[in-house]
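Input: a single structure, listed below in structure tokens.
The values are calculated or read from the model by the stated rules, or taken from the named source; none is laboratory data. Computed from a predicted structure; not experimentally measured. Here Cβ is always computed from backbone atoms with ideal geometry, including for glycine, and neighbour counts include all displayed protein chains.
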Amino acid sequence: MKERLEGVLDRIHKAALACGRDPRSVRLVAVSKTVSAERVRQAVAAGVDTLGENYIQEAREKIDTLAALPVAWHFIGHLQTNKAKYAVRLFELIHTLDSPKLAAELDRQAAKAGKTQRVLVQVNISGEASKSGVSEAEAGQLVAEIAKLPHLSLEGLMTMPPFFDQPEKARPYFRALRRLRDEIQQRNLPGVDLRELSMGMTGDFEVAIAEGATLVRIGTAIFGERG
Ligand SMILES: *Cc1c(COP(=O)(O)O)cnc(C)c1O
């Protein structure tokens, strides 16, 4: 695991340098869905400091078991409104805010918890029916609505392109997310600073970094194939 992690960190570093970026501007979210608490502990011992989980129930148990570890947990799965309460309790950053209704509920739960919840808006750039996320056309509107909610801090956008065997094919989707970010950013909405772009997974993270990713979500390359 340590070797795999070091290999991934080295590739992130090289990909950033190759396109003239500061390697520190790209952070690794180690995706630990279906990975046991014990193996997560090993990854943290090897240097991981941020973990991404997809399922609330699984995350509740794991985070409880690993409560003493000095790590940040991010939520990267589809979030149902009735689970917002747990998400606010468990996660520093939620990557997958995709509707006004979920935004309102996260704001309400964050207020109750006395917390400012950091969030990203998930955009369905490809428009595939199987993918969650707000459409590109609706993203600006959702951002403007979130900006009005006092207990949410909106920090950027997230996307998942279709799966391709060749990572280059994902590039237009990453580029489209960055352009959308730039365009919304130019509207200068009060309290909105979309500095984060969460994009890139095991198969395509180097291309995502070349297109501006600041958070790469990588599971398989670190933990091996999921069972
Ligand atoms: C599982 C998952 C990942 C990690 O995928 P790998 O191909 O294993 O790196 C990243 N992002 C999301 C949203 C995921 O569900």
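Find the residue count for the range 15-39, including only residues that are more than 19 Å from HIS74 (Cα to Cα) and within 16 Å of the ligand (Cβ to nearest atom).
Going through the range 15-39 one residue at a time, the tally reaches 1.
Report, by residue number, each residue of the range 62-82 that is outside any loop (DSSP other than H, G, I, E, B), touching a residue at least 12 places away in the same chain (Cβ under 8 Å) and either surrounded by fewer than 16 Cβ atoms within 10 Å (Cβ to Cβ) or within 16 Å of the ligand (Cβ to nearest atom) (or both).
Within the range 62-82, LYS62, THR65, ALA72, TRP73, HIS74, PHE75, THR81 qualify.
Can ALA113 be described as within 23 Å of VAL192 (Cα to Cα), over 19 Å from the mean Cα position of the chain (by Cα) and at pLDDT 95 or above?
For ALA113, the condition - within 23 Å of VAL192 (Cα to Cα), over 19 Å from the mean Cα position of the chain (by Cα) and at pLDDT 95 or above - is met.
Kindly evaluate ILE146 against the criterion of being more than 10 Å from the ligand (Cβ to nearest atom), in contact (Cβ under 8 Å) with a residue 40 or more places away in the chain, in a helix (DSSP H, G or I) and in contact with a strand residue (DSSP E or B) (Cβ under 8 Å, 6 or more places away or on another chain).
When the stated conditions are applied, ILE146 passes them.
Condition first: in a strand (DSSP E or B) and within 20 Å of GLU138 (Cα to Cα). Now tell me which residues in the range 100-121 satisfy that.
Correct list: VAL119, LEU120, VAL121.
Which one of PHE91, PHE164 is surrounded by fewer than 20 Cβ atoms within 10 Å (Cβ to Cβ) and within 16 Å of the ligand (Cβ to nearest atom)?
Result: PHE164 is the single residue among PHE91, PHE164 that is surrounded by fewer than 20 Cβ atoms within 10 Å (Cβ to Cβ) and within 16 Å of the ligand (Cβ to nearest atom).
Specify which of the listed residues (GLY219, GLY191) is more than 9 Å from the ligand (Cβ to nearest atom), out of contact with any Pro (no Cβ under 6 Å at 6 or more places or on another chain) and more than 19 Å from ILE125 (Cβ to Cβ).
Checking each option against the conditions leaves just GLY191.
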